[in-house]
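The values are calculated or read from the model by the stated rules, or taken from the named source; none is laboratory data. Just so we're clear, the structure is a prediction, and the values are computed from it rather than from any experiment. Cβ placement follows ideal geometry from the backbone for every residue including glycine, while neighbour counts extend to all protein chains displayed. These accessible areas exclude ligands, DNA and RNA; they are computed on the full protein's heavy atoms, side chains included. Shrake-Rupley method; radii C 1.70, N 1.55, O 1.52, S 1.80 Å.
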Amino acid sequence: MDSRSHRELVDHLFRSEYGRMVAVLTRLFGFEQLELVEDVVQDAFVHALRSWRTGVPPNPGGWLMQTARNRAIDQLRRGKLHLKFASTVDPGAAAIGMADLFHESEISDSQLRLIFACCHPVLDERDQIAVTLQLASGFGVREIARALLTREETIKKRLQRSKQRIKEAAVKLEIPAGAQLKSRVDSVLKVLYLTFNEGYLASAGDAAIRRDLCAEAMRLTKLVCEHPMSISSDANALMALMCYHAARFDARLGDNNELILLADQDRSKWDKELVSVGHVYLARSNPGDNPSAYVLEAAIAAQHSVAEAYGDTRWDYLLTLYDRLVEVKTTAFVRLNRLVVLAEQRGADVALRELASLDAESFVGNEHLYHSVSARLHEMAGDTEGQRSNLEKALSHAASSSERRLIEARLLSIR
Amino acid sequence: MKDFMLIFKGTDYSGLGLSPDEIQAKMGKWFVWVEKLQQQDRYVSGEALEAVGKTVKSADTVIDGPFAETKEVVGGYFVVKAEDIDDAASLCVDFPDFDLGSWVEVREVVVFEG
């Protein structure tokens, strides 16, 4: 083995190992000893940093897990950590024994328990996202702050507060049973959906960390899809949705990091393999007569993915899907996006009349989207003046430089 | 060429709030440095040291310490080949931990004639 290959590490190996290690060790020692578990895991990384300088062990992930495990046993001996016994024991962990917890299938199970615990209803959505990113995904405070475009101090406080709540409420590392299961799966999917969107939709900030955020959301969603307790139509549909969007990740940014609209994207740049994976998950979602928002959104993304060119888009199918989506998810955004489809199918005048009934105030913070769609509808109606004035309004509200560049380019094209 | 010892001093990595990704990135920088030294045929050997230990003051006085919290803990060392002390010091420009407040002490290894 030459020295180079001897030192190569898989990208983000430590980050993904962190989630696995925390999951296994908290299952062993209990969620209430989370703080000590985090210390032990951190310690294993620091140990690796010092001792791998001149060579990486053949199985770095295994080495890290083994080291964390040894350090945890060491802490046990010193009385700083306590194994859970008797009434407080995690029956699962006791029954299968310590060694078994380190088997691959049990590691997945432990990771899933950790995600479910992070999405416990004692935490609000934003806290759930931050805690999941830290514990299950191994993001640090600085990375979470960069990914969520939030100040480090805010994230730090949010994490501290969340862990305090988890402790006070004695949140268990388990996949809840019975009636609680459905609502908890819903929370988990919502958190993963929002995490993906944070990475995908927001165009400001560091592109690399946003891509990581999407990749993490997909990795965790895949875990959810692979477990018999959590697999559901919605989970499969969400995975499909993420695949379709991720397939367009590169095509929607230009050379200067400017956003490229769906209509103008070079479709040969779409990742066809990811699109086909999306089809597999969408087929598995098998929704029946009452498709959920996830299923409908995935089906909409699928329609765009199969159109060879923008002109080939089946607007009739899309409008049917959007009409149903509006019924189950009546947000201002869904209604706004539907108008673009409506305009393509029935003409811009129809869409403009409906736009007038939308409350511009529901777009606070995202006014640029409202005005951009409005500009597009005016353009389709042949009203250049309306298009220009709306683009100017959109420009004044655009938050990121890539959005501004997109709007400026459109303004230039009509001058 | 003579042998020089590069002694790494400063803070231990723990307690800095480094994320897994940051630790991995830091490790990548160590790999790059070691590889560069090896390609130039400068690298001889090296070891890393645990941050905690014992201090023996006399035959019957053994105390705990240094501790990881100490700001001048020795984290490890490399032995490298260099023309002279300035040349050896110049090999340290790629030392990866300056940003964490650590530094390198460069000392020539004494050769006993005989």
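Pairing each residue of the stretch B:21-47 that is closer than 18 Å to B:D3 by Cβ and open to solvent by 20 Å² or more (accessible area, probe 1.4 Å) with any residue that is among the hydrophobic types (A, V, I, L, M, F, W, C) and assigned to a helix (DSSP H, G or I), provided the two are 6+ apart or on different chains, yields C-beta distances under 7 Å for B:R42/B:L91; B:Y43/B:V34; B:Y43/B:L37. If you check A:E35, A:E17 for being out of contact with any Cys (no Cβ under 8 Å at 6 or more places or on another chain) and at the interface with chain B (Cβ under 10 Å from one of its Cβ atoms), only one passes: A:E17.
Counting only helices (runs of 4 or more DSSP H) wholly contained in the stretch A:96-199, the ones carrying 2 or more residues that are open to solvent by 20 Å² or more (accessible area, probe 1.4 Å), of a type outside the set (G, A, S) and within 14 Å of another protein chain (Cβ to nearest Cβ) occupy A:141-147, A:152-168. Residues that are within 14 Å of chain A (Cβ to nearest Cβ) and not aliphatic (A, V, I, L, M) within the stretch B:88-107 comprise B:D94, B:F95, B:P96, B:D97, B:D99, B:S102, listed in sequence order. Could you tell me whether the stretch B:77-91 includes any residue that is charged (D, E, K, R) and open to solvent by less than 50 Å² (accessible area, probe 1.4 Å)? Checked the stretch B:77-91: at least one residue is charged (D, E, K, R) and open to solvent by less than 50 Å² (accessible area, probe 1.4 Å). Would you confirm whether or not the stretch A:330-353 contains a residue that is part of a helix (DSSP H, G or I), among the aromatic types (F, W, Y) and open to solvent by 40 Å² or more (accessible area, probe 1.4 Å)? Yes - at least one qualifying residue is present in the stretch A:330-353.
Conditions tested, residue by residue: (1) open to solvent by 40 Å² or more (accessible area, probe 1.4 Å); (2) more than 17 Å from A:N197 (Cα to Cα); (3) among the charged types (D, E, K, R); (4) not in a loop (DSSP other than H, G, I, E, B).
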{"site": "A:S276", "(1), (2), (3), (4)": "yes, yes, no, yes"}
{"site": "A:R284", "(1), (2), (3), (4)": "yes, yes, yes, yes"}
{"site": "A:G288", "(1), (2), (3), (4)": "yes, yes, no, no"}
{"site": "A:L319", "(1), (2), (3), (4)": "no, yes, no, yes"}
{"site": "A:D323", "(1), (2), (3), (4)": "yes, yes, yes, yes"}
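Annotation for the stretch B:52-64: no member residue is out of contact with any Lys or Arg (no Cβ under 6 Å at 6 or more places or on another chain), closer than 26 Å to B:S90 by Cα, more than 10 Å from every other protein chain (Cβ to nearest Cβ) and open to solvent by 30 Å² or more (accessible area, probe 1.4 Å). Taking the stretch B:65-87 as the range and being away from chain A (no Cβ under 14 Å) and closer than 23 Å to B:G101 by Cβ as the test, the residues that pass are B:G65, B:P66, B:F67, B:T70, B:K71, B:E72. For the stretch A:275-291, a tally of residues being of a type outside the set (S, T, N, Q) and on the phi > 0 side of the Ramachandran plot returns 1.
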